[in-house]
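Q: Encoded as structure tokens, here's the structure I'll be asking about.
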Amino acid sequence: NTKGHHQWFYFKVKNRRPTTVKFNIVNFTKRDSVYNQGMRVNYMSENLNKKTGTEKWRKTGAGIRYSMSRITRDAMKEGKRSKLYQSLTFEHTFETANDTTSFAYSIPYSFTKLTNSLQNILIERNREDERVKQSVFCKSLSGVDVPLLTITNFQNHDPRKKRYAIITGRVHPGETVGSWMMEGFIDWITKDSPKAKRLRDNVIFKVVPMLNPDGVLGGNYRTSFSGDDLNRKFEDPDGRLHPTVCAVKEMISSILKEHSEPIDPHKIISFVDMHGHSRKKSVFMYGPYHPLHSERYLRMRVIPKLMSQKTLMFRYWSCKFRVEKSKRKAARLVLWKEFNICNSYTLESSFHGYINEERETIEFGEQNLKGMGAYLGHSLNEYVTMLEDELKMKAERRQERLLKRRRESLRLEEQSNFSNSDNEMISKPTSTKNTKKLTSGKFEQGSQSGKMESPAAESLDVSDVSDSSSQDEQAEGSS
């Protein structure tokens, strides 16, 4: 069911007396790991927790070595060399007798913990005003209700005027760091801070904290109950085998159809899928590719850049914006391509830690990871502010262009009217000259021929001529 995806462990050990034990975990499948860069094993001691009064995960591991083992992954096939598993070796000292110690690849985050955390959020944050609602997103393959959070200001709730953001996590069950970041994000976005309030006033957040609860409950590292990597099924999901993937695509499609008339390219400001990374340090993002001359080339780099400016935990230069063949069916690329979501990201957090200004590696703990979720909220708030300012500026420029065109058309119309009046003024002297010729009673042809002009014609007025001509016309008409 999970062939080829062995990277996660979580087990307990009971000891009778204080001692040092060497552990060998021999069936890892990835050739490289941050264990080679100094990552240590997470452990929790029940006796130590009772002594300190806190339930806390700590780091351990002396002599850590991640290398190839001698155990083969499968039998020989047609003369091909069999692949070998990787092994992890470390030592741990049990300081007290009769202690129960848990060891884990990363700090665990169970489905039960998620359920309890969401219940606390719903009770605490909805006391003054309703800002978060929980509903059933869909049912998983095993029949588990997948939770969906809708976070916004429900007192000022008009979906047609608000934008959307889609946040998902734990599509890979073993990447628990994604759930810790998710908890930090949900905690920040539901707070009473002015930035969080402003963001809720303008954006509707659709949050799916755990896309693969079956894999989490079953202890898988990467796959669901069907044995599939759900993050490679977004291109053509099966409604029966991959219900959560289908539900994500249906939700986005309904948002764009119902609330985007006419089509608004910024209706969904971002899609963020939270993951863990086993071979790199720090936190970073992966996104789709846009050519250099495209407007989106810089736009989709804004949110990662904002995050890098807020914390050293986020490393901008570890981000990648490309379309790799092996990742074409991943959520960030499929949703970008099918629904034209510009800011479609995978938010990756190292299982190890980050590099500070002194080039020292600081190991990630629960609070660090929660803080990264909060920094995502801060960055989205700044991005929305920048987006609104940009759209407002474009609207003002568009209005200025319209006013300029109207003024230009009025100017051309005035010029046209002025030229017509000039033509009329030019034509008036000609008619006056002809009138003078009529009133003077002088006929040039007669004068040129040498004939004397009639004195009676000199006393003839224009009105008399017109009256006589009208009388003649009336007489003709009566006859």
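The values are calculated or read from the model by the stated rules, or taken from the named source; none is laboratory data. Given the structure is predicted, the values throughout are model-derived calculations rather than measurements. All Cβ positions, glycine included, derive from the backbone under ideal geometry; neighbour counts span all protein chains shown. Areas reflect the complete protein model, heavy atoms only, side chains present, ligands, DNA and RNA absent. Shrake-Rupley method; radii C 1.70, N 1.55, O 1.52, S 1.80 Å.
Q: Looking at Asp228, Asp238 in this structure, which one is surrounded by fewer than 22 Cβ atoms within 10 Å (Cβ to Cβ), under 18 Å from Val146 (Cβ atoms) and without any contact (Cβ under 8 Å) to a residue 12 or more places away in the chain? Can you show your working first?
A: Numbers: Asp228 fails: without any contact (Cβ under 8 Å) to a residue 12 or more places away in the chain.
Step by step, each of Asp228, Asp238 is checked, and only Asp238 is surrounded by fewer than 22 Cβ atoms within 10 Å (Cβ to Cβ), under 18 Å from Val146 (Cβ atoms) and without any contact (Cβ under 8 Å) to a residue 12 or more places away in the chain.
Q: Go through (1) open to solvent by less than 40 Å² (accessible area, probe 1.4 Å); (2) within 16 Å of Asn24 (Cα to Cα) for Glu91 and report which single condition fails.
A: Against the list (1) open to solvent by less than 40 Å² (accessible area, probe 1.4 Å); (2) within 16 Å of Asn24 (Cα to Cα), Glu91 comes up short only on (1).
Q: Same structure again: Hey, could you check the range 116-144 for residues that are among the β-branched types (Val, Ile, Thr) and over 26 Å from the mean Cα position of the chain (by Cα) and say which is least open to solvent (accessible area, probe 1.4 Å)?
A: To start, the set of residues in the range 116-144 that are among the β-branched types (Val, Ile, Thr) comprises 121, 123, 132, 136, 144.
Subset that is over 26 Å from the mean Cα position of the chain (by Cα): 123, 144.
On the way: Ile123: 107, Val144: 30 Å².
Top of the filtered list is Val144.
Q: Residues in the range 178-226 that are more than 18 Å from Ser349 (Cβ to Cβ), among the aromatic types (Phe, Trp, Tyr) and not in a loop (DSSP other than H, G, I, E, B): how many?
A: 1
Q: I would also like to ask the following. Any idea which residue in the range 22-50 is surrounded by the fewest Cβ atoms within 10 Å (Cβ to Cβ), counting only those that are assigned to a helix (DSSP H, G or I) and touching a strand residue (DSSP E or B) at 6+ places or on another chain (Cβ under 9 Å)?
A: Ranking the candidates gives Asn36 first.
Q: A follow-up question, please. Of the conditions (1) part of a helix (DSSP H, G or I); (2) buried (at least 17 other Cβ atoms within 10 Å of the Cβ), Ser326 satisfies every one except a single condition; which number is it?
A: With (1) part of a helix (DSSP H, G or I); (2) buried (at least 17 other Cβ atoms within 10 Å of the Cβ) applied to Ser326, the lone miss is (2).
Q: Also: For the range 329-339, which positions are in a helix (DSSP H, G or I) and either in contact with a strand residue (DSSP E or B) (Cβ under 8 Å, 6 or more places away or on another chain) or open to solvent by 60 Å² or more (accessible area, probe 1.4 Å) (or both)?
A: Passing the criteria: Ala331, Arg332, Leu333, Leu335, Trp336, Lys337, Glu338, Phe339.
Q: Any residue that is closer than 19 Å to Leu335 by Cβ and touching a residue at least 60 places away in the same chain (Cβ under 8 Å) - is there at least one of those in the range 185-197? I'd like the intermediate steps shown before the answer.
A: Here is the first cut: in the range 185-197, the residues closer than 19 Å to Leu335 by Cβ are 185.
Next, from what is left, pick out any that are touching a residue at least 60 places away in the same chain (Cβ under 8 Å): 185.
Yes, there is a match, as at least one residue in the range 185-197 is closer than 19 Å to Leu335 by Cβ and touching a residue at least 60 places away in the same chain (Cβ under 8 Å).
Q: Next up: Taking the range 275-287 on its own, how many of its residues are out of contact with any Pro (no Cβ under 8 Å at 6 or more places or on another chain) and either open to solvent by 20 Å² or more (accessible area, probe 1.4 Å) or closer than 17 Å to Tyr316 by Cβ (or both)?
A: The total comes to 7.
Q: Would a scan of the range 312-319 turn up a residue that is touching a residue at least 12 places away in the same chain (Cβ under 8 Å), surrounded by 15 or more Cβ atoms within 10 Å (Cβ to Cβ), of a type in the set (Ser, Thr, Tyr) and touching a Leu at 6+ places or on another chain (Cβ under 7 Å)?
A: No, the conditions are met nowhere in the range 312-319.
Q: Against the condition at pLDDT below 95, out of contact with any strand residue (DSSP E or B) (no Cβ under 7 Å at 6 or more places or on another chain) and either among the polar types (S, T, N, Q) or open to solvent by 10 Å² or more (accessible area, probe 1.4 Å) (or both), how does Lys113 come out, does it pass?
A: Values: at pLDDT below 95: no; out of contact with any strand residue (DSSP E or B) (no Cβ under 7 Å at 6 or more places or on another chain): yes; either among the polar types (S, T, N, Q) or open to solvent by 10 Å² or more (accessible area, probe 1.4 Å) (or both): yes.
Against the criterion (at pLDDT below 95, out of contact with any strand residue (DSSP E or B) (no Cβ under 7 Å at 6 or more places or on another chain) and either among the polar types (S, T, N, Q) or open to solvent by 10 Å² or more (accessible area, probe 1.4 Å) (or both)), Lys113 does not qualify.
Q: Right, next: I'd like to know if the range 256-274 contains one or more residues that are free of Cβ contacts under 8 Å to residues at least 12 places away in the same chain, part of a helix (DSSP H, G or I) and crowded, with 17+ Cβ neighbours inside 10 Å.
A: No, there is no match, as no residue in the range 256-274 is free of Cβ contacts under 8 Å to residues at least 12 places away in the same chain, part of a helix (DSSP H, G or I) and crowded, with 17+ Cβ neighbours inside 10 Å.
Q: Related question: Where in the range 340-407 are the strands (runs of 3 or more DSSP E), entirely inside, with at least 3 residues that are in contact with a helix residue (DSSP H, G or I) (Cβ under 6 Å, 6 or more places away or on another chain)?
A: 344-350
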